[in-house]
Amino acid sequence: MHLMAGSGSKFDRVYRAHFSAINPSDIMKAYNALGKPDKFQSLSVDARQELDLKVGVAFSRFQTRYFQGRYGDLDSAVLSYGPCQTPTLGFCVQRHLEMETFKPEPYWLLDLGIMNSGTMCRAVWDSGRSFNRNKVDSYIATCRDANPASVAKVISVITKDKNQGRPVPLNTVALLKACSKALGIGPHSALQMAERLYLSGYLSYPRTESTRYPNSFDIVGTLQDQIQDNRWGSYVRDLLRDGVNVAKGGVDMGDRKCIFHVHVVLENSCVCFSSTLTITLPLSIFIRPSHHTLSTCSSWRIDWRHGKSLRSCNETFHCIRKS
């Protein structure tokens, strides 16, 4: 913010607002806590930019000249180098080579089906997967040809409660994994949609490594905006009434906040993706961070588990019932 009025140097009343998210609460906090610009911090940014430029130019020139004419199928007109892009390219190449050299190997599993009072109970083989087909076929033949018929005997019963802790807030990698696994959306498309949601004011900045809310984060204000959503507004109201318990794990990297919703997205909302294209808002991309934010400050989930270990034909199996 620039306030140029007054006597003395025209920069005597130049103030800076620090905020890393464009939600109203963060902007108001920054506005109410203006500070003088840090000269040394500004100079460090200039130095970093100059180093990135000079190192990039020097190494790009070096490796372009070094590789020219060495490999016939290499387009070595310009081989650029960057302190971020080159290590990232290394990770991509490494993963590509792992996928190219991967050789699938068949394996076999055993499931034990038991009829109990007209209900089919399925038990899982304790040995897990086996790469030895003869072993599996031999076991099946033993059970099939047993005389008298083979039975399964319960050798132990375990009943216990398991606490499922609150997850840490989302970072970029976790968001992309969730979109790929739960929604079937690739990383490139998911990140594009998330950036559009950010530019439209619905989502925080989606490129971050932080997995912990900073101390200044207004979690109550963030949740209150979700009360008006008729899909989970009642749950948010009950959560705020009973008290918010924020997850204690994760790491605050200090650069940008973790991913969270900024404004509520009502059903059938639309967003402009370009000057000529307006489509229905990708609700699935937004709902993911919204639900995740709620889960990070909800009570622990308690799973009741009832497990049985069984033995049949000298092999052990187990089945677990959850509720």
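The values are calculated or read from the model by the stated rules, or taken from the named source; none is laboratory data. On a predicted model such as this, the values are computed, not experimentally measured, just so you know. Note that each Cβ is placed from the backbone with ideal geometry, even for glycine, and that neighbours are counted across all protein chains shown.
Every test in (1) among the small types (Gly, Ala, Ser); (2) within 22 Å of the chain's Cα centre (by Cα); (3) in a helix (DSSP H, G or I) is passed by GLY250 save one, and that test is (3). Taking the criterion of being over 18 Å from ALA247 (Cα atoms), loosely packed, with under 14 Cβ neighbours inside 10 Å and not acidic (Asp, Glu), the only residue of segment 161-176 that qualifies is VAL173.
So that you can scan it fast, the table gives a plain yes or no per residue for (1) surrounded by fewer than 20 Cβ atoms within 10 Å (Cβ to Cβ); (2) of a type in the set (Val, Ile, Thr); (3) free of Cβ contacts under 8 Å to residues at least 40 places away in the same chain:
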site: SER180; (1), (2), (3): yes, no, yes
site: SER189; (1), (2), (3): yes, no, yes
site: LEU203; (1), (2), (3): no, no, no
site: THR211; (1), (2), (3): no, yes, no
site: ILE219; (1), (2), (3): yes, yes, no
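Being touching a helix residue (DSSP H, G or I) at 6+ places or on another chain (Cβ under 9 Å) and part of a loop (DSSP other than H, G, I, E, B) is the filter; apply it to segment 269-297 and report the residue that is modelled with the highest pLDDT.
My answer is CYS297.
Is at least one residue of segment 241-261 at pLDDT 80 or above, out of contact with any Cys (no Cβ under 6 Å at 6 or more places or on another chain) and more than 21 Å from VAL168 (Cα to Cα)? Among the residues of segment 241-261, at least one is at pLDDT 80 or above, out of contact with any Cys (no Cβ under 6 Å at 6 or more places or on another chain) and more than 21 Å from VAL168 (Cα to Cα), which makes the answer yes.
Okay, residues lined up against (1) more than 30 Å from ALA149 (Cα to Cα); (2) in the same structural domain as LYS135 (by TED's automatic domain parsing); (3) of a type in the set (Lys, Arg); (4) exposed (fewer than 10 other Cβ atoms within 10 Å of the Cβ):
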position	(1), (2), (3), (4)
GLY56	yes, no, no, no
SER60	yes, no, no, no
GLN63	yes, no, no, no
GLY69	yes, no, no, yes
TYR81	yes, no, no, no
THR88	yes, no, no, no
PHE91	yes, no, no, yes
ARG95	yes, no, yes, no
CYS121	no, yes, no, no
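Picking from residues in segment 17-65 that are modelled with pLDDT under 90 and basic (Lys, Arg), the one that is farthest from HIS261 (Cα to Cα) is ARG65.
Residue-wise test of (1) modelled with pLDDT under 85; (2) at negative phi; (3) not in a loop (DSSP other than H, G, I, E, B).
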{"position": "GLU195", "(1), (2), (3)": "no, yes, yes"}
{"position": "ARG207", "(1), (2), (3)": "no, yes, no"}
{"position": "ARG212", "(1), (2), (3)": "no, yes, no"}
{"position": "PHE217", "(1), (2), (3)": "yes, yes, no"}
